[in-house]
Each structure stands twice: as C-alpha cells, then as structure tokens.
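The values are calculated or read from the model by the stated rules, or taken from the named source; none is laboratory data. Only a predicted model underlies this, so the values are computations on that prediction, with no experimental measurement involved. Reconstructed Cβ throughout: ideal geometry from the backbone, glycine too, with neighbour counts over all protein chains shown. Accessible surface areas use protein heavy atoms only, side chains included; no ligands, DNA or RNA. Shrake-Rupley method; radii C 1.70, N 1.55, O 1.52, S 1.80 Å.
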Amino acid sequence: MPELPEVEALAGYLRQRAVGRRVDRLEIAAISALKTYDPAPSAVAGRAVVDARRHGKFLDVLIEGDLHLVVHLARAGWLHYREAFPSTTPLRPGKGPIAVRVRLDDGSGFDLTEAGTQKKLAAYLVTDPAAVPGVAKLGPDALAADLPTFTERLRSRRGQIKGVLTDQSVLSGVGNAYSDEILHAAKLSPFAITDRLTDAQLAALHAATRQVLGDAVERSVGQRAAELKGEKRAGLKVHARNGLPCPVCGDTVREVSFADSSLQYCPTCQTGGKPLADRRLSRLVR
C-alpha cells in the first residue's frame, strides 16, 4: 500500500509534470472507484491543474475552480504517468486495471490503476477535501507531529502499538510497511501496549518516526512514479524480509501472520531475543 513517503513523492511528481497543464477530460473506467457524483467528472474539462498535495495517504490534485480530485490508492492502487496515450478513444467501463484516467492538453496524463480483485481504490471529485470522509477523520500528520502532539495522540488510544500507529485517526500517513520499519528503529515490540510505554520509549518512537519517514521521503521525492516501488523496497530493513538477516544485528527477521496481513520484526532488536507467538495471542512480557 502506498504510504506517506510514496504519496508525497507522487504529489511532487505531479507538481513537476502536470501543474500548468489543462485537463482535457477525466475518464472513469471503474464506476465503483468514483465515490461522488457532484461535481460531475465533466466539470474538470478545460481547467488547469494548479497543485498536488497530500493528506495522510490521500493524494489531492487541485484543479482550477476550487476542484479537488482526491484519491486513496488502497492496497493495490498506483499512479502511472503517461507521456502519451496509445489512443484518444475514451475508456469504457470494464474489468481491466485502469480505474481512472486523466488526460491533459499536451497529450500526456496519468492513469490510476488497481491490481487484483479487491477493488478498493477510491476517487472523489469535491470542492473541499474535508468532504471526503477519510480525510475528515485524519489525525495529525505523522511526519509533522511534534513530540507533545505525538505522545498525546498515541496515549489517547490504548492498544498494541502496531495497530495504533497505523490508525489514521490517531496519526495519518503510516501503514503496514513503515510501521514495521519505525518499530524496528525504535527497538519496540509491535505488540507493546501504548499506555505502558515510558516517556523515553515514546521519545524514541517519535524520533524513529521522523527518521524513517523523513529518510524515505528524501529517497523518494524526485523519483519517477514508476521507480517508487523499487525505491521503497530497497530501503526496508525488516518489512517483507521474513527469513532474511536483520541488517542491524544479523538475527533472522521473523513474521507474525494475520487473516489479511502480516508484520515483520527482529527478535534481537525488538523483543529481547524472544520470538512472538503468531497472531494476536502473544503473552510475551512487553
């Protein structure tokens, strides 16, 4: 799933490439992807792209006339920029990976695509991003939150730190991959309980959040959209590295699997050398 660094980089790429161009047309190939009906997609035709921003993991393309195309790429969505499209024929609704296409006046544009069968990519055409339910519920930006805000937000929700850190209403922008990386950098178990964390542990977690996300943004911004996934994978130390050596201590990275997701961690760095029991039934001292 694209998280804060990748969405920030996609916004930066659109600022470089699309801002100043006028929208030729907005095409909806996956009817279920468009979550709004007013304004209509035809409202953007002839209007200039004026900016691209990020709200947590939401991408916001600002269009002349106070219109916002707000997109959540979900787990399997992505943005593909095209210097030219193979055809000028409008897309027809179908079962292909393209959900939304934005054609610009110079013949370029971008597709919003989604792989797999669980179609959860969501696009909203609104006059105010706060009209998007997911945006309205976002907590403070994880990269921008200072230590007092960060501490207050995490202590406001009791639970395992992995789940709280990825709760977008607590802090916005962190998902499954970067939460694994942040907890590894902070030397915290993913099952640690938020209201048991000391001030020193929260300070370390805040510093790790700033470091991991900041480094990822620095690596990602300026990359072409097609290069971002590879750049993300190259920077990961534990996430998606089950069975490989931890680059910090050399211990074997382990995994805990859930029904529809998994997490990875290093026992030596994070749990005192003890492997976590699978699923949420671990009784380790946290």
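Placing unit charges on C-beta atoms (Lys and Arg positive, Asp and Glu negative, everything else neutral), compute the dipole magnitude of the stretch 137-266 about its Cα centre in debye, rounded to 20.
On the way: 17 positive and 15 negative charges, 32 e Å.
It works out to roughly 160 debye.
What part of the accessible area of the chain, given as a whole %, is carbon or sulfur when the probe is 1.4 angstrom? Walk me through the numbers on the way to the answer.
On the way: 6700 of 13350 Å².
Heavy-atom surface of the chain belonging to carbon and sulfur, 1.4 Å probe: 50 percent.
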With only alpha-carbon atoms counted, please give the Rg and Dmax of the stretch 44-100, in Å. 13.2, 34
If you add up the charges near Glu114, with Lys and Arg at +1 and Asp and Glu at -1, over every other residue whose beta carbon is less than 12 angstrom from its beta carbon, what do you get? +3
Given an 8 Å cut-off on Cα distances and at least 6 residues of separation, report the relative contact order of the stretch 70-122 as a percent. 52 percent
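Normalised by the number of residues in the chain, what is the relative contact order in percent for Cα pairs under 8 Å and 6+ residues apart? If you can, show how the numbers build up before the last one.
Values: 573 pairs, mean separation 51.4, N = 286.
About 18 percent, as a whole number.
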Selection of GluC sites (Glu not before Pro), the stretch 1-105, meeting DSSP coil and at most 15 other Cβ within 10 Å: Glu64, Glu83
Angle check, please: helix 199-220 long axis (alpha carbons) against the longest principal axis of the chain (alpha carbons), in degrees 0 to 90, nearest 10. 40 degrees
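Percent relative contact order of the stretch 196-254, based on C-alpha pairs within less than 8 angstrom and at least six residues apart?
Working: 24 pairs, mean separation 10.2, N = 59.
Dividing the mean separation by the residue count of the stretch 196-254 yields 17 percent.
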Quick one: Kirkwood hydrodynamic radius for the stretch 185-286, alpha-carbon pairs, angstrom, one decimal? 15.0 Å
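With Rg and the Kirkwood Rh both taken from Cα atoms, where does Rg over Rh land for the stretch 21-69?
Values: Rg = 11.0 Å, Rh = 11.6 Å.
Ratio of gyration radius to Kirkwood radius for the stretch 21-69: 0.95.
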Any idea what angle helix 176-186 forms with the longest principal axis of the chain, computed on alpha-carbon atoms, 0 to 90 degrees, nearest 10? 40 degrees
Which of the trypsin sites (Lys or Arg not before Pro) across the stretch 77-162 are loop residues per DSSP, with 13 or fewer other Cβ within 10 Å? Lys95, Lys137, Arg158
Using only DSSP helix segments of four residues or longer, with each worth -39500 (n - 2.57), what per-residue ellipticity at 222 nm results for the chain after dividing by its residue count and rounding to 500? -7500 deg cm²/dmol
In square nanometres, what is the average projected area of the Cα convex hull of the stretch 26-154? 8.9 nm²
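Using the Cα centre as the reference, give the magnitude of the dipole from point charges on the C-beta atoms of the chain (Lys, Arg: +1; Asp, Glu: -1; all else neutral), rounded to the nearest 20 debye. Can you show the working numbers first?
Numbers: 40 positive and 32 negative charges, 172 e Å.
Roughly 820 debye for the chain.
Loop by DSSP (not H, G, I, E, B), at most 11 other beta-carbon atoms within 10 Å: where is the longest site-free stretch of the chain for chymotrypsin sites (Phe, Trp or Tyr not before Pro)?
Numbers: sites that count: Tyr37, Phe258.
Segment 38-257 is the longest.
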Provide the descending list of Cα extents for the chain along its principal axes, expressed in whole angstroms. 60, 36, 32
